[in-house]
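Have a look at the structure below, then the notes.
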Protein chains: 2
Amino acid sequence: MAKVTIRDVADRAGVSTATVSRALSGAKRVSAAVEDQVRRAVQELGYSGNGIASALRRSRTDTVGMIVPSIVNPFFTSLVESVEHALQDEGRQLFLCSSRSDPQLEEQRLRSLVARQVDGIVISPVHGTGSTAAISWAAGELPLVQVDRYVTGVDSDWVGVDDDEALRLVVGHLSGRGVRTAAFISSRLTSSSTELRVAGFQSHTARLGIAVAPGALLLGEYSIDWGRTAMQRLLAAGPLPDAVVCADDLIALGVLQACSTAGVAVPEDVLVTGFDDIPFAALSDPPLTTVRQPQAAIATEAVRLLSQAFREPPHEPARLALAPSLVVRASTGG
Amino acid sequence: MAKVTIRDVADRAGVSTATVSRALSGAKRVSAAVEDQVRRAVQELGYSGNGIASALRRSRTDTVGMIVPSIVNPFFTSLVESVEHALQDEGRQLFLCSSRSDPQLEEQRLRSLVARQVDGIVISPVHGTGSTAAISWAAGELPLVQVDRYVTGVDSDWVGVDDDEALRLVVGHLSGRGVRTAAFISSRLTSSSTELRVAGFQSHTARLGIAVAPGALLLGEYSIDWGRTAMQRLLAAGPLPDAVVCADDLIALGVLQACSTAGVAVPEDVLVTGFDDIPFAALSDPPLTTVRQPQAAIATEAVRLLSQAFREPPHEPARLALAPSLVVRASTGG
DNA sequence: ATGAAAGCGCTAACAC
DNA sequence: GTGTTAGCGCTTTCAT
């Protein structure tokens, strides 16, 4: 277990360390005989290379850092998986961090990733304004692309979903189902997507003449628990709206559970919609009508933008709002 | 954006690089005046340190690698989150990788983590035998602890759940509900936990006189899709067993969905159980009876064992099988 | 308390 | 095609 270095391999193979390095990197041409000796020496000694030394010398780590607000939210894990996949095609590794929806932790993660010399960062910011300083700084240090959510005033690429279009789809669908009053349950944290979804909900309900009672805008967090709690409040508050629109599927699942517990029938007594189309949205009782995010495309684009930044000089920040689609299930009448 | 190094800070502060290093590391004593100058210089230059260089010199990265078979399985993400939490208390970062249930990818990840000089590795092996070689090798290079699943014949710690006890609980519960015939849906991959769960299912059903028809042992993978498919096969095959026991919650959720689609009532026509108690197990239709894993404890113990390995000389490998508990919900009659 | 100097293990010029 | 050499940026003796 004593560390075996490139020096040991070189000695054993009777060549210089430079030759070993060349033989192993594959790129440079080395005579077949020497290459063989080197391979043998590597084998015999159990050499496995020191990526840290290599990274220091080359000043690149072939690693990309990713920071998401939650690692237990299936939407983000799907996104992470897609990003990892896309990265693999270019021989880079993903270094995943969770900010646990905490701007301070997020800043810590950013500093840590920069210190570790990752080649670039993919981040879904926690907070619309609280994340700005740290992200601005990081974006000045290395290529950075925001996904899903973004903070404004930062000179960086962003790729996500068209939230306004998403709420147009949802509210339009509900209107078609005869909905006249609606409530919206979302997160308190002012992230860009949260704000855009709230704004979209308000403008499209207004446009279609759907009434939103005061107190029918409930802000908490993106979690099953909050969905349950918020729905209990709505139930306690008095006459139910025709529909409850949720800013993500976790909230919506909590809402469904609260309804079930309270003996309120969905969709008979109230319609419910989610956002993201996580795998479990199809399995709830009843299955959830929701907005499907093009997460694979978001991931692919994010990685593409990053790779571009690795190669080319800084460009105009790109902002890609990809089109969502509506998945209609039983929670709005099927 | 030009890299500012410790040299620049030293020049600016009018001291040596050694002093800057000492001032920044905090540990060594440096006069207050100098410490102040250094801080100012750091501030003014926007110095942020090079963790790679530091790691090379200190030959430690304060980073732990973790490899799980799937990053979209909520059981593993919970585990990951707990591990990350536990690690944070000792100032270490988590470097997360997914092996996507592929032994080859797993080996690649292991090599990559070792090359990156992580201080230790937490891994849930993909395969009972196919993972052995790579894990043995890695365990020879650095401290390594297996979680949830394990490969035998590797000299490393393991911490997970007592699978036999878990199946004793499940089968005992079903027996109490009057079940006389049962089927088991699991993963094809021969991981330790898979094997122990199958074995436990067989021994406890035998002990309690519950019949298991030939063909009532369905092996696929840990996914919703496989659960759905397997259940469709059971439905097509003829008379249903009294109960369907699943090796994890994803499979069970797929089973519930297939039942719902086919108009088979749970628990009236058939009882269904899962394993893990992921958050969505409580939200399905009907809510799922399942085995709760002590995942927070598993994570804490894993990190404790790792830290111990960092400090102390090699010990007898520990094997900690923690006690599971049964969560009874409506899918077995509530 | 501070500085000088020696590397950590590797790769990239530059010679030959 | 291969060796020699000079660091990458940092930490850590060893002096002073």
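The values are calculated or read from the model by the stated rules, or taken from the named source; none is laboratory data. All figures in this text were calculated on a predicted structure; none of them were measured in a lab. Note: ideal-geometry Cβ built from the backbone for every residue, glycine included; neighbour counts use all protein chains shown.
Data overview
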item: Top-ranked residue in the stretch B:84-97 [being out of contact with any Ser or Thr (no Cβ under 7 Å at 6 or more places or on another chain) and within 12 Å of chain A (Cβ to nearest Cβ); ranked as farthest from B:GLN293 (Cα to Cα)]; result: B:GLY91
item: Selection within the stretch B:10-47 - at positive phi and among the acidic types (Asp, Glu); result: none
item: Number of the condition not met by B:LYS3 [criteria: (1) at the interface with chain A (Cβ under 10 Å from one of its Cβ atoms); (2) out of contact with any helix residue (DSSP H, G or I) (no Cβ under 6 Å at 6 or more places or on another chain); (3) assigned to a helix (DSSP H, G or I)]; result: (3)
item: Candidates A:THR5, A:THR77 - the one that is more than 9 Å from DNA strand C (Cβ to nearest atom) and either within 27 Å of the chain's Cα centre (by Cα) or under 19 Å from B:ARG111 (Cα atoms) (or both); result: A:THR77
item: Any hit, the stretch B:98-111, residues being facing chain A (nearest Cβ under 9 Å) and either in contact (Cβ under 8 Å) with a residue 40 or more places away in the chain or out of contact with any Ser or Thr (no Cβ under 9 Å at 6 or more places or on another chain) (or both); result: yes
item: Enumeration of residues in the stretch A:230-268 that are in contact with a Phe, Trp or Tyr (Cβ under 9 Å, 6 or more places away or on another chain), within 14 Å of chain B (Cβ to nearest Cβ) and of a type in the set (Gly, Ala, Ser); result: A:ALA252, A:GLY254
item: Count of the stretch B:56-75 residues which are surrounded by 15 or more Cβ atoms within 10 Å (Cβ to Cβ) and facing chain A (nearest Cβ under 9 Å); result: 8
item: Residue within the stretch B:37-45 that is more than 10 Å from chain A (Cβ to nearest Cβ), free of Cβ contacts under 8 Å to residues at least 24 places away in the same chain and within 11 Å of DNA strand D (Cβ to nearest atom) present; result: no
item: Scope the stretch B:46-70; condition more than 15 Å from DNA strand D (Cβ to nearest atom) and either more than 30 Å from B:LEU189 (Cβ to Cβ) or among the hydrophobic types (A, V, I, L, M, F, W, C) (or both); matching residues; result: B:VAL64, B:MET66, B:ILE67, B:VAL68
item: Test set (1) part of a helix (DSSP H, G or I); (2) among the hydrophobic types (A, V, I, L, M, F, W, C); (3) surrounded by fewer than 16 Cβ atoms within 10 Å (Cβ to Cβ); (4) not assigned by TED's automatic domain parsing to the domain that holds A:LEU144 - A:ALA265 fails condition number; result: (1)
item: Selected residue [away from DNA strand D (no atom under 16 Å from the Cβ), buried (at least 24 other Cβ atoms within 10 Å of the Cβ) and under 14 Å from the mean Cα position of the chain (by Cα)] from B:GLU84, B:GLU106; result: B:GLU106
item: Count of the stretch B:175-202 residues which are buried (at least 23 other Cβ atoms within 10 Å of the Cβ) and over 25 Å from the mean Cα position of the chain (by Cα); result: 2
item: Hey, B:GLU81 within 13 Å of chain A (Cβ to nearest Cβ) and either free of Cβ contacts under 8 Å to residues at least 40 places away in the same chain or over 20 Å from B:SER223 (Cα atoms) (or both) or not; result: yes
item: 1 or more residues in contact (Cβ under 8 Å) with a residue 40 or more places away in the chain and touching a helix residue (DSSP H, G or I) at 6+ places or on another chain (Cβ under 8 Å): qualifying strands (runs of 3 or more DSSP E) within the stretch A:170-259; result: A:182-187, A:243-246
item: Total residues in the stretch B:277-291, condition within 10 Å of B:PHE75 (Cα to Cα) and surrounded by fewer than 24 Cβ atoms within 10 Å (Cβ to Cβ); result: 1
item: Filter result for the condition that a residue is within 14 Å of chain B (Cβ to nearest Cβ), modelled with pLDDT of 95 or more, under 30 Å from A:VAL83 (Cα atoms) and crowded, with 24+ Cβ neighbours inside 10 Å, over A:ALA138, A:ALA133; result: A:ALA138
item: Count - residues of the stretch A:38-55 that are surrounded by 13 or more Cβ atoms within 10 Å (Cβ to Cβ), polar (S, T, N, Q) and modelled with pLDDT of 95 or more; result: 2
item: Count of the stretch B:21-34 residues which are part of a helix (DSSP H, G or I), farther than 14 Å from B:ILE6 by Cβ and more than 7 Å from DNA strand C (Cβ to nearest atom); result: 1
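For (1) hydroxyl-bearing (Ser, Thr, Tyr); (2) in the same structural domain as A:PHE310 (by TED's automatic domain parsing), each residue gets a yes or a no:
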{"site": "A:ALA139", "(1), (2)": "no, yes"}
{"site": "A:GLY153", "(1), (2)": "no, yes"}
{"site": "A:VAL171", "(1), (2)": "no, no"}
{"site": "A:ALA182", "(1), (2)": "no, no"}
{"site": "A:SER187", "(1), (2)": "yes, no"}
{"site": "A:THR190", "(1), (2)": "yes, no"}
{"site": "A:ARG207", "(1), (2)": "no, no"}
